[in-house]
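Asker: Quick one: this structure, given as structure tokens, is what I'll be asking you about.
The values are calculated or read from the model by the stated rules, or taken from the named source; none is laboratory data. Quantities reported herein were computed from a predicted structural model and do not represent experimental measurements. Cβ placement follows ideal geometry from the backbone for every residue including glycine, while neighbour counts extend to all protein chains displayed.
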Amino acid sequence: MAHLYNLRKHRAYRAQRLNIEKTHSRPSAIGVRKAPSPGGRAGFIRIDTVHQGDQDGVKGVYHINAVYCVTQWQLAACCERISEAFLLPVIGMLLEQFPFQILAFHSDGGSEFVN
């Protein structure tokens with residue numbers, strides 16, 4: 001076995017037996033923003049928040065949009081501030097208004113308070 005290691009040091013052995021491939025780069029999906037695809041299964045909604053904007057230094061309201069992935073049933077609500085204290089009652093009301101059973105929801109793009 002030790003002699004094999006000695007042979008591998010010689011140029012002739014490496015020219016015939018050594019196969020070196022460089023690492024191939026692959027595209028990464030890190031940071032890709034796209035809606036989840038539940039594969040046609042019912043029970044999944046997407047939630048997004050949008051800030052209306054400021055007027056004369058006063059913060060505007062936040063719009064919360066909830067969409068059922070399969071049927072595209074959509075509900076919208078408004079919230080004074082984007083914090084847990086303001087969002088919990090509004091999202092609770094939205095979830096109760098869906099005529100379907102909700103298994104899970106997804107939010108991205110600035111909706112970290114919703115999670």
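Asker: Tell me yes or no: at least one residue of the stretch 72-79 is part of a loop (DSSP other than H, G, I, E, B) and modelled with pLDDT of 85 or more.
Answerer: Of the residues in the stretch 72-79, the ones part of a loop (DSSP other than H, G, I, E, B) are 72-73.
Now drop any that are not modelled with pLDDT of 85 or more, which leaves 72-73.
Yes, some residue in the stretch 72-79 is part of a loop (DSSP other than H, G, I, E, B) and modelled with pLDDT of 85 or more.
Asker: Go through the stretch 44-63 and give me each residue that's in contact with a Gly (Cβ under 9 Å, 6 or more places away or on another chain) and of a type in the set (A, V, I, L, M, F, W, C).
Answerer: V50
Asker: Something else now. Output the residue which, of all residues in the stretch 14-66 that are of a type in the set (G, A, S) and over 30 Å from R81 (Cα atoms), is modelled with the highest pLDDT. Full working, then the answer.
Answerer: Just the residues of the stretch 14-66 that are of a type in the set (G, A, S), to begin with: 15, 25, 28-29, 31, 35, 37, 39-40, 42-43, 53, 57, 60, 66.
Those left that are additionally over 30 Å from R81 (Cα atoms): 15, 25, 28-29, 39-40, 42.
Numbers: A15: 75, S25: 78, S28: 67, A29: 67, G39: 77, G40: 76, A42: 82.
So the residue we want is A42.
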